[in-house]
Amino acid sequence: MATNSLSSLNGIGEQRAKAFEKLSVFSVDDLLRHFPRTYIDWTTPKPIVDAENGEICVFKAKICEPFAEKRASSGILVSKTRIYDGTAYAVLTFFNQPYLKQQLKPGTTWLFRGKVNISFFGCELTSPQINKENDAGILPVYPLTSGITNTIIQRAVRSAFSKRGDEQNDPLPADIRQRFSLAHRRWAFEQMHFPKSFDTLDIARRRFIFEELLLLSLGIFHLKGRRTSLTTNIICRSDPRDFISSLPFSLTGAQLRAINDISADMGKNSPMNRLVQGDVGCGKTVVAAAAVYIAVKSGFQAAMMAPTEILATQHFQSLSPMLSSLGIRCALLTGSMKAAEKSSVCKFLSQGEIDFIIGTHAIIQEKVTFANLGLVVADEQHRFGVRQRAGLSAKGENPHTLIMSATPIPRTLALMVYGDLDVSVINELPPGRQKVDTFLIDDTKRQRAYGFIAKNVLEGRQAYIVCPLIEVNEEDDGLKAVEAFTNELKTKIFPDFTVEFLHGKQKPAVKDKIMRDFADGKTQILVSTTVIEVGVNVVNASVMVIENAERFGLSQLHQLRGRVGRGSAKSYCLLMSNTKSKESLARLRVMCSTNDGFAIAEQDLSLRGPGDFFGDRQHGLPALRVANFASDMAVLTQAQAAASDILSRDPELSMYEHRGLRDMIANMFEYNGIFN
């Protein structure tokens, strides 16, 4: 068995191996799965006469004349020559490459690739890539880092193939490969890195898409199976209708369906693990309150974890009066509370004299104990890591878990990405919820936008301004940065208003104070990064301005827009963008045409893929390298069928032919400790 160490490959020493680690390549297996991000096709040259201005083309042509060289006033050496392919001439221009005249001699034929510039003087390529005529092929282009070039990766991959020989076992059982017409792993690796054609590349890519989705499906099904095999207390001994009838308002049909789902789950002897997802303002908190009522009236305690102190406090202020009137004893626990207060809360909680605790991650600290925890509620779950949620659940004996998210996600995606969760969707808004009018504008209307903000503030309301950056970055010239832009607004635009800034690098206590001042009306204009995406309910905020709006995904823009329109005042969202991209403008116009978060999520999924919903691994499931939920749904259906078939025969993947799959799943789901 060959070693899996990178240093076993030719040309990879200790320093280069460390450079590879920046690409998350730690072993030969990682290297083989470090697939190209794109490919350059040298196999289909285009006739020069057919080239269009601005197009990137490959020409197969002959050098017509010796290089003409001259030195510009800046000292740069400019070299020019002409090429001819039998249809037309083109001029090649190079800078500071005097050695090329020895290589590209008149009469020799080469391949040239570059961006075409067509003017009155004809066709020209500036600094084109060059390739030998007999080296025409499909060239892989890899993700790189400092010290690692495309050539280094190609050589390392070739070395890996020569070291491994034909020894690579395929973790996909032969019957699965045959049933779904999948290529063997060794061949597929070779075609991903050195494709013979785009047809063979498609066959190889489909193999790895299937493999990735199969592993994901097997892992998810196993997690669900592991959850249903657990036992917990049946705590649904109270009718949620008693809670519903106590409310001073009517619930929507979607809220009632979610409550019924929860009630049914909590009546089983396996722990509930349910996600309630819905648009901003759809009434998820009341649904959570119903779950708390069921748990407490059945003799158990409940806990809710929120991502920030201010959001935890807001939940306490809204839920405590509602539940206290029904005899449920509520308490708040946050990190900033005085030691004596925290000690008192912990004491009463452990003695069972508190029924429902709301707090931040402070409630998962070791000293916090429960008398009889039966329900865990996590708000804005993507703000918590898997281990944080598990830490809260560990406070009880397999308690029921309810997770709330205001990020609308297409159901097909939610069922996969949320993995072992059951999903309830609240897709109705309560009567009276404000529609936020949204407009797309550019810098020509900036002064009018400032005047509109000032008008709203003078009428007693508040405004958010969101920027994509915290600090000015030379590489991102033209993008608004929170700190510098706040200074400009304070001194030049709104000197008579109170303007503050907020971003993720500030200390938690500072962020909480800034947000609290805004919620209390002390700050009139808050300039922020997307840290406000999940935040306190400021009913007085009526204007949201999003700078460089093209830099955000639609779902994120929708989340930001949801910060306004929470009160009785008419509210507005202004998307500021100077982009000329047709694709970006089309995306932004979707925001102006609808306030339906689920419709926007579907658009975002088709336009950008799933990355915009989950930029990190906080949801606890692995990131996909090859597959895409937006474009590979047909393969996903096949992979799920295969996974179901495999697990029906071998639930623990203990059979010899499934051990390769088991090892890969364990590695893929390392965050979950799936087979521990």
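The values are calculated or read from the model by the stated rules, or taken from the named source; none is laboratory data. Just so it is clear, the structure is predicted and the values come from calculations on it, not from any experiment. Backbone-built Cβ (ideal geometry, glycine too); neighbour counts: all protein chains shown. Quick note on the areas: whole protein, heavy atoms, side chains included, nothing else; ligands and nucleic acids left out. Shrake-Rupley method; radii C 1.70, N 1.55, O 1.52, S 1.80 Å.
Overview of results
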{"read-out": "Hey, Thr200 closer than 30 Å to Gly13 by Cβ, open to solvent by less than 70 Å² (accessible area, probe 1.4 Å) and part of a helix (DSSP H, G or I) or not", "value": "no"}
{"read-out": "Among residues of region 284-299, those that are open to solvent by less than 10 Å² (accessible area, probe 1.4 Å) and outside any helix (DSSP H, G or I), counted", "value": "1"}
{"read-out": "Matching residues in region 24-41 - criterion: being open to solvent by 30 Å² or more (accessible area, probe 1.4 Å) and farther than 23 Å from Asp135 by Cβ", "value": "Ser24, Phe26, Asp29, Asp30, Arg33"}
{"read-out": "Positions within region 183-217 being modelled with pLDDT under 95 and of a type in the set (Ser, Thr, Tyr), in sequence order", "value": "Ser197, Ser217"}
{"read-out": "Subset of region 436-462 [without any contact (Cβ under 8 Å) to a residue 12 or more places away in the chain and over 20 Å from Lys480 (Cα atoms)]", "value": "Lys455, Leu458, Glu459"}
{"read-out": "Every residue from region 625-647 that is in a helix (DSSP H, G or I) and not aliphatic (A, V, I, L, M)", "value": "Thr637, Gln638, Gln640, Ser644, Asp645"}
{"read-out": "Enumeration of residues in region 111-155 that are in contact with a strand residue (DSSP E or B) (Cβ under 9 Å, 6 or more places away or on another chain), open to solvent by 70 Å² or more (accessible area, probe 1.4 Å) and assigned to a loop (DSSP other than H, G, I, E, B)", "value": "Phe121"}
{"read-out": "Test: residue in region 83-98 that is within 16 Å of Thr126 (Cα to Cα), among the acidic types (Asp, Glu) and touching a residue at least 40 places away in the same chain (Cβ under 8 Å)", "value": "no"}
{"read-out": "Hey, Thr523 farther than 21 Å from Asp437 by Cβ and either at pLDDT below 95 or not β-branched (Val, Ile, Thr) (or both) or not", "value": "no"}
{"read-out": "Near pairs, Cβ below 7 angstrom, 6+ apart or cross-chain, from region 145-157 (under 13 Å from His193 (Cα atoms)) to any residue that is among the small types (Gly, Ala, Ser) and modelled with pLDDT under 95", "value": "Arg155/Gly11; Ala156/Gly11"}
{"read-out": "Unique residue being at pLDDT below 85 and at positive phi when the list is Gly535, Gly565, Gly553, Gly609", "value": "Gly609"}
{"read-out": "Enumeration of residues in region 42-67 that are over 16 Å from Trp110 (Cβ atoms) and open to solvent by less than 60 Å² (accessible area, probe 1.4 Å)", "value": "Ala51, Gly54, Glu55"}
{"read-out": "Tally of residues being open to solvent by less than 80 Å² (accessible area, probe 1.4 Å) and part of a helix (DSSP H, G or I) across region 182-197", "value": "8"}
{"read-out": "Subset of region 504-535 (residues that are under 28 Å from the mean Cα position of the chain (by Cα), open to solvent by less than 10 Å² (accessible area, probe 1.4 Å) and under 20 Å from Ala312 (Cα atoms))", "value": "Ile532"}
{"read-out": "Residue list for region 586-597, restricted to those being open to solvent by less than 40 Å² (accessible area, probe 1.4 Å), in a helix (DSSP H, G or I) and either touching a residue at least 40 places away in the same chain (Cβ under 8 Å) or not aliphatic (A, V, I, L, M) (or both)", "value": "Arg587, Leu588, Met591, Gly597"}
{"read-out": "Spans of helices (runs of 4 or more DSSP H) in region 300-399 with at least 3 residues surrounded by fewer than 16 Cβ atoms within 10 Å (Cβ to Cβ), at pLDDT 85 or above and polar (S, T, N, Q)", "value": "309-324, 339-350"}
{"read-out": "Yes/no for Ala549 being under 17 Å from Phe501 (Cβ atoms) and touching a residue at least 60 places away in the same chain (Cβ under 8 Å)", "value": "no"}
{"read-out": "In region 438-493, the residues that are aromatic (Phe, Trp, Tyr) and either at pLDDT 95 or above or part of a strand (DSSP E or B) (or both)", "value": "Phe439, Tyr450, Phe452, Tyr464"}
{"read-out": "Every pair of residues 6+ apart whose Cβ atoms lie under 8 Å, when the first sits in region 20-37 and is over 20 Å from Ser162 (Cα atoms) while the second is open to solvent by less than 20 Å² (accessible area, probe 1.4 Å) and in a helix (DSSP H, G or I)", "value": "none"}
{"read-out": "Unmet requirement for Gln559, which otherwise passes all of (1) surrounded by 20 or more Cβ atoms within 10 Å (Cβ to Cβ); (2) in contact with a Pro (Cβ under 8 Å, 6 or more places away or on another chain)", "value": "(2)"}
{"read-out": "Selection within region 562-574 - over 19 Å from Thr407 (Cβ atoms), aliphatic (A, V, I, L, M) and crowded, with 20+ Cβ neighbours inside 10 Å", "value": "Leu574"}
{"read-out": "Those residues of region 157-181 which are buried (at least 20 other Cβ atoms within 10 Å of the Cβ) and under 23 Å from Val141 (Cβ atoms), in sequence order", "value": "Val157, Ala160"}
{"read-out": "Residue among Lys105, Lys80 that is out of contact with any helix residue (DSSP H, G or I) (no Cβ under 7 Å at 6 or more places or on another chain), free of Cβ contacts under 8 Å to residues at least 24 places away in the same chain and basic (Lys, Arg)", "value": "Lys80"}
{"read-out": "Qualifying residue in region 465-482 (condition: without any contact (Cβ under 8 Å) to a residue 40 or more places away in the chain and among the β-branched types (Val, Ile, Thr))", "value": "yes"}
{"read-out": "Selection count, region 257-283, where residues are assigned to a helix (DSSP H, G or I), under 23 Å from Arg566 (Cβ atoms) and open to solvent by 20 Å² or more (accessible area, probe 1.4 Å)", "value": "0"}
{"read-out": "Hits in region 3-12 - residues which are outside any loop (DSSP other than H, G, I, E, B) and either open to solvent by 40 Å² or more (accessible area, probe 1.4 Å) or under 20 Å from Pro143 (Cα atoms) (or both)", "value": "Ser5, Leu6, Ser7"}
